[in-house]
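Below is one structure, written out as structure tokens; the observations come after it.
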Amino acid sequence: MSYLSLTERDRDEMLAVIGVESIDELFRDIPKGVRFPRELDLERALSEQEIVTHLEKLAAKNVDTGRELSFLGAGIYDHYVPAVVDAVLQRGEFLTAYTPYQPEMSQGVLQSIFEYQTAICELTGMDVSNASGYDGTTVAADACFVAKHVTGRSRIVLAETLSPQVRQVVKTYAPGFGLEVVEVPHRDGVTDPDELATAARDAACVIFQQPNFFGCLEPAPDLAAAANDAGALPVAHVDPVSLGVLEAPGAYGCALAIGEGQASGNYQSYGGPHYGFLAARSDYVRRMPGRIVGETTDVEGRRAYVLTLQTREQHIRREKATSNITTNQTLLALAGLVHLSWLGPQGLREQGETCMALAAYAKDQLGLPLVFPEQATFKEFAIHAGRPAEEAIRAARKQGVHPGYALKRDYAGLEDALLVCVTEKRTREDIDRLAEVLAP
Amino acid sequence: MKLIYERSQEGRRASALPKHDLPVPELPEELRRERPPRLPELSEPELVRHFTSLSTRTFGIDTGFYPLGSCTMKHNPRVNERVVNLPGFRDLHPLQEEEGSQGALELMWRLQEILAEVAGLPAVSLQPAAGSQGELTGLMLMRAYFTDRGEGETRRKIVIPDTAHGTNPASVTMSGYELTHVQTDPRGNIDVDDLRAKVDEGTAGLMLTNPSTLGLFDENIEEITRIFHDAGALTYYDGANLNAVCGISRPGDMGFDIIHFNLHKTFSQPHGGGGPGGGPIAVRDLLEPFLPVPAVVRDGEEVFRLDHDRPKTIGKVRGYCGPFGVFVRSYAYIRAFGPGLREMSEAAVLNANYLLARLKDAYELPYDRLCMHEFVLSARQLKREHGITALDVAKRLMDYDFHPPTVYFPLVVPEALMIEPTETEAKETLDEFVEAMLEIVRDAAERPELLKEAPHHRPVGRVDEVKAAKRGVMRYLFDKHPNLSAEPTAGRQLEAQKGA
Amino acid sequence: MAAAESYPDDLHYNAEHDWARVEGDEATLGITWFAQDSLGELVHYEPPEEGAEVTKGTSYGEVESVKAVSDLIAPVSGVIVEVNAKVVDEPETVNEDSYGEGWLVRIRLTEPSEADELMDAAAYKSFVAEQ
């Protein structure tokens, strides 16, 4: 078995040193009643090439974005991942290192996390970022815990235009943490600040999304102000790719900024693994879940990086931890850092502008009624397909095009609505093709 | 070494995006970005050099021996990287129609079947993103189960041993339960008398890893789980140490009702510097209705789908179906072993016992038993006689190009060194490690300052954790960035490192 | 730098390693040499607000080192009259002088008889020897 390095001779020598006759004897402390009596009922072992063939066959049963022209977004996006990201992630040291608890062995990982934290703070306008969370949904639950500790309040307010996946995860975590969740319904595709203000009274935090799930731009500064006036922490759930053109949450009064990092540097990969990001004002640093890397010096005075404020984490505070997170998403966050570094500030702005320009072109070319015509949008927008959404999708896919997400899956009264996403990977010709396929 | 921001030069750029000549819509003024983010400005050659430099200052399993107890730092097979990057997996959108995702759904379903067989429990969810999230999910399942039976208010306590991994108490608190500790007896088993006194009709369940963090299989496990079941409570198995017993003893047969796996420990998902991981759970049928949604199910022989119609589900703990790329790697890994998965555990236990046999006289062994896949030594004697601590041993091992073992965990052993070699190590590597550990004992007596000042051959020496905590510099501050090298060392050096 | 091990005779001690110096109807509270030695150099002090009520046996604040965070457990009940700002700015003062400059809060006692339930220096010294 090629992953094992022991030979027969090795085993015999080792058993002799241990002082037992057989490997079976090493398990003598296991009571007979729980010894597994047979072989595991698993399919036979495959050689490496058989593994590859088998997985290739499975992969071939999936229609990925290489095989279908796709305008599907709704939280996970087909953005371009540059080759340098792949190259860096294949470095065996990054790939196979553990959490950097021994700083002398892991300055590379620690420094890269420090650089990532800096990038997230720059994007979001916040003072401190953690080293990543599991994904864009669980960081919302994390934000609720922070808010509860900070304000002492137990109500969470969610905008209905916040991703359905995020809302569902928050509602799953809430009962165990003694939190009550209320939702503010959308009005014509966005959230009304006055309605939010009312709901935010006695709330620990308010979470809204920018751009929102419908692709619409929320009146984010007004929403943040409404929350602040009510004594609730404003939490913005943001698209990292939008932050070259859209204002940073830190600049308009938010307490926390969170989001799904996938659009920056990760492949879609059927939903994971990706990384969630969480950044906050400096006031809240001691309440932040997850790892944080800090700068320091070593005995010789050389600059060095180390995990810091670990007392917040599970292994010291134990039952008083602000979260139980241990493993996070370091490798995927590294991909995000590489991607943002490859783009640079000009590149990020251009990417955002390109998405917006192509999306505007798509709105024109499709010529189909917009669901929320009054709202400004970023890279996604909702259209009326003129027939039930799943039918429109089926018909389009028969012609090799996935036209977008059926909003009826999560929202009432949107029977024929499709959420169309246009990233910088789409061309004018692609959009013309979509228009052809969706034409009534 | 420079930070990437210090390598940055205004106007330099690696990316070039396709040109379009379309007008860019204007954004409402109040939503527009006023000041650009200060991201690095580098060319591609500069980028590659920077990250390559960083990687050479990082020690991975690919670099050398990594005996971190409870982390299972085994070799990460390269074929797994090839298959996870197949476009059919890599470029698949999670909201793709089911008929367009049959390969992904089938892979998940097959992995579920495999994990059920290994666990000895029939119902599996792959959704949790890591072991600690799996734990939380397990506790949520307990709550849902008891609430469904009208016992939600009365059953408030979870029992955990004093050797428990730190995530266990944190998970208990996060799910709204109360914690009760049970002691460990001199043989390293749970003290059953202590346990009996603490389990009653107010108990919801047990959280346990077996073998324990001491690397010992609890000899009374059948009685322990029976005590809980007799009281109407449930039992949860923390799968962090599953590498010891795959195909040898199944948690379901030990009497556990819920288990989580750590795909990044037992099933070779690379650790990536701290993640990603995967924490799927397997449960008894009575808990199946409460599993997260959606479930991956098979219709007939050939068709796989997502079942969202689960009225009693606890809900969703993570987006979509979970960390799919992790499933691909673990699935490929297990397919390489087939039913011979037990050879993995046998070799892991053999390697650990070999190291134990060769080191137990030079260091103190708190529990004189054969171990499973890992064992704990104490450096207490070295501390008493020469002032050398477990931390000093760890730092000196770095000079031999070994990653240190876990130190100061579990808390019940003073100056603990928790060593887990895993099954992929060669005997020569183990022998070299033993030689280093023995030389350290000699040096403790003869040249203690060598140990106290270790490591000598790494990019940095021991770091000032106190300064890091006090100064709180957690991002680059550009022209306001302080020069910490010019500031004096703050107080005493770090006293303790935390293990896994 | 930490001072030498000591447990002044004029103080009262609880089992969580906090001390109280009673002066009339007020008391000063802090943590013992044993506590600061176990924690290591303090990096943070999270104090209560002036005017807050503290109850004997419950937490009134936190101190933190790089390896642990520890609740401060009030040995006696009272109302916070003053917080030691010096420790907020320089938490390591507690390590250097746990009983003098490293005091944490002053309170006005609400149940003065509670002090009788605490350990004296001799009893606390024995208690520490068993830890």
request  = State whether the residues of the stretch A:84-93 include one that is out of contact with any helix residue (DSSP H, G or I) (no Cβ under 6 Å at 6 or more places or on another chain) and assigned to a loop (DSSP other than H, G, I, E, B).
outcome  = yes
Residues that are at the interface with chain A (Cβ under 8 Å from one of its Cβ atoms) and part of a helix (DSSP H, G or I), drawn from the stretch B:1-18 = B:ILE4, B:TYR5
query = If you take the residues in the stretch A:243-287 that are surrounded by fewer than 24 Cβ atoms within 10 Å (Cβ to Cβ) and either outside the structural domain of A:LEU95 (by TED's automatic domain parsing) or charged (D, E, K, R) (or both), which one is nearest to B:PRO323 (Cα to Cα)?
reply = A:ARG287
Qualifying positions in the stretch C:41-71 - more than 14 Å from chain B (Cβ to nearest Cβ) and either in contact with a His (Cβ under 9 Å, 6 or more places away or on another chain) or part of a strand (DSSP E or B) (or both) = C:GLU53, C:VAL54, C:SER59, C:TYR60, C:GLY61, C:SER70, C:ASP71
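Could you list, in sequence order, all residues of the stretch B:102-117 that are within 7 Å of chain A (Cβ to nearest Cβ) and either in contact with a helix residue (DSSP H, G or I) (Cβ under 7 Å, 6 or more places away or on another chain) or at pLDDT below 95 (or both)?
B:GLY103, B:ALA104, B:GLU106, B:LEU107, B:ILE114
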task = Check the stretch A:371-381 and report whether any residue there is of a type in the set (Gly, Ala, Ser), in the same structural domain as A:TYR77 (by TED's automatic domain parsing), modelled with pLDDT of 95 or more and out of contact with any His (no Cβ under 8 Å at 6 or more places or on another chain).
result = yes
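Would you please name the residue that is nearest to B:TYR476 (Cα to Cα), looking only at residues in the stretch B:19-46 that are more than 7 Å from every other protein chain (Cβ to nearest Cβ) and assigned to a loop (DSSP other than H, G, I, E, B)?
B:ARG35
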inquiry  = Please go through the stretch B:67-80 and give me each residue that is within 7 Å of chain A (Cβ to nearest Cβ) and at pLDDT 95 or above, ordered by number.
reply    = B:LEU68, B:MET73, B:HIS75, B:ASN76, B:PRO77, B:VAL79
request  = Being modelled with pLDDT of 85 or more and surrounded by fewer than 24 Cβ atoms within 10 Å (Cβ to Cβ) narrows it down to one of A:ARG317, A:ARG349, so name that one.
outcome  = A:ARG349
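Quick one: in the stretch B:45-77, which of the residues that are among the charged types (D, E, K, R) and more than 14 Å from the chain's Cα centre (by Cα) is surrounded by the fewest Cβ atoms within 10 Å (Cβ to Cβ)?
The extreme case among them is B:ARG49.
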key: strands (runs of 3 or more DSSP E) wholly inside the stretch A:108-214 that include at least 1 residues being of a type in the set (Gly, Ala, Ser)   = A:155-159, A:203-210
note = In the stretch C:102-114, anything assigned to a loop (DSSP other than H, G, I, E, B) and within 12 Å of the chain's Cα centre (by Cα) is listed as C:GLY102, C:TRP103, C:LEU104
ask   = Taking the stretch A:392-440, which residues are away from chain B (no Cβ under 13 Å), closer than 10 Å to A:LEU69 by Cα and assigned to a loop (DSSP other than H, G, I, E, B)?
value = A:GLN399
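Could you please find all residues in the stretch A:184-207 being surrounded by 14 or more Cβ atoms within 10 Å (Cβ to Cβ), under 20 Å from A:LEU217 (Cβ atoms) and out of contact with any Cys (no Cβ under 9 Å at 6 or more places or on another chain)? Give the derivation first.
Looking only at the stretch A:184-207, we keep the residues that are surrounded by 14 or more Cβ atoms within 10 Å (Cβ to Cβ), and these are A:184, A:186, A:189-193, A:195-197, A:199-200, A:202-207.
Restricting the remaining residues to those that are under 20 Å from A:LEU217 (Cβ atoms) gives A:184, A:186, A:189-193, A:195-197, A:206-207.
Of everything in the stretch A:184-207, those that are surrounded by 14 or more Cβ atoms within 10 Å (Cβ to Cβ), under 20 Å from A:LEU217 (Cβ atoms) and out of contact with any Cys (no Cβ under 9 Å at 6 or more places or on another chain) turn out to be A:VAL184, A:THR191, A:ASP192, A:PRO193, A:GLU195, A:LEU196, A:ALA197, A:VAL206.
So, of the residues in the stretch A:43-75 that are in contact with an Asp or Glu (Cβ under 9 Å, 6 or more places away or on another chain) and among the hydroxyl-bearing types (Ser, Thr, Tyr), which turns out to be nearest to A:LEU419 (Cα to Cα)?
In the first step, residues of the stretch A:43-75 are kept if they are in contact with an Asp or Glu (Cβ under 9 Å, 6 or more places away or on another chain); the result is A:58, A:61-67, A:69-75.
With the extra rule that they be among the hydroxyl-bearing types (Ser, Thr, Tyr), the set shrinks to A:65, A:70.
Details: A:THR65: 17, A:SER70: 12 Å.
Looking at residues that are in contact with an Asp or Glu (Cβ under 9 Å, 6 or more places away or on another chain) and among the hydroxyl-bearing types (Ser, Thr, Tyr), I get A:SER70.
What are the residues in the stretch A:221-237 that are in contact with a helix residue (DSSP H, G or I) (Cβ under 6 Å, 6 or more places away or on another chain) and not in a helix (DSSP H, G or I), if any?
Within the stretch A:221-237, A:ALA230, A:ALA232, A:LEU233, A:PRO234, A:VAL235, A:ALA236 meet the criteria.
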query = With B:ARG155, B:ARG143, B:ARG90 as the choices, which residue is facing chain A (nearest Cβ under 9 Å), over 22 Å from the mean Cα position of the chain (by Cα) and within 29 Å of B:PRO211 (Cβ to Cβ)?
reply = B:ARG143
message = Let me confirm something: among B:GLU29, B:GLU98, B:GLU6, B:GLU34, which residue is modelled with pLDDT of 95 or more, under 29 Å from A:GLN365 (Cβ atoms) and surrounded by fewer than 16 Cβ atoms within 10 Å (Cβ to Cβ)?
response = B:GLU29
request  = Give the residues of the stretch A:64-92 that are at the interface with chain B (Cβ under 7 Å from one of its Cβ atoms), farther than 18 Å from A:ALA263 by Cα and either basic (Lys, Arg) or in contact with a Lys or Arg (Cβ under 8 Å, 6 or more places away or on another chain) (or both), sorted by residue number.
outcome  = A:ARG91
key: Pair list, Cβ < 7 Å and 6+ apart or interchain, from the stretch B:295-310 residues that are assigned by TED's automatic domain parsing to the domain that holds B:SER101 to residues that are assigned to a loop (DSSP other than H, G, I, E, B)   = B:ALA295/B:ARG310; B:VAL296/B:CYS321; B:LEU306/B:PRO294; B:ASP307/B:PRO294; B:HIS308/B:VAL293; B:HIS308/B:PRO294; B:ARG310/B:VAL293
Answer from B:THR235, B:THR203 - the residue that is among the hydroxyl-bearing types (Ser, Thr, Tyr) and either within 14 Å of another protein chain (Cβ to nearest Cβ) or touching a residue at least 60 places away in the same chain (Cβ under 8 Å) (or both) = B:THR235
request  = Just need a number here: residues in the stretch C:69-83 that are in contact with a Gly (Cβ under 8 Å, 6 or more places away or on another chain), free of Cβ contacts under 8 Å to residues at least 40 places away in the same chain and either closer than 18 Å to C:ALA35 by Cα or crowded, with 20+ Cβ neighbours inside 10 Å (or both).
outcome  = 1
request  = Would you check if A:SER2 is of a type in the set (Ser, Thr, Tyr) and either within 31 Å of the chain's Cα centre (by Cα) or more than 30 Å from B:CYS371 (Cα to Cα) (or both)?
outcome  = no
task = Return yes or no: is C:PRO75 outside any strand (DSSP E or B) and under 17 Å from C:TYR13 (Cβ atoms)?
result = yes
note = When restricted to B:VAL393, B:VAL407, the only residue under 19 Å from B:GLU432 (Cα atoms) and in contact with a Leu (Cβ under 9 Å, 6 or more places away or on another chain) is B:VAL393
note = Taking the stretch B:216-240 and keeping only residues that are of a type outside the set (S, T, N, Q), in a helix (DSSP H, G or I) and within 19 Å of B:ARG143 (Cα to Cα), one is left with B:PHE228, B:HIS229, B:ASP230
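The values are calculated or read from the model by the stated rules, or taken from the named source; none is laboratory data. Owing to the predicted nature of the structure, the values given are computational and were not obtained by experimental measurement. Glycine gets a Cβ as well: all are built from the backbone with ideal geometry, and neighbour counts include every protein chain shown.
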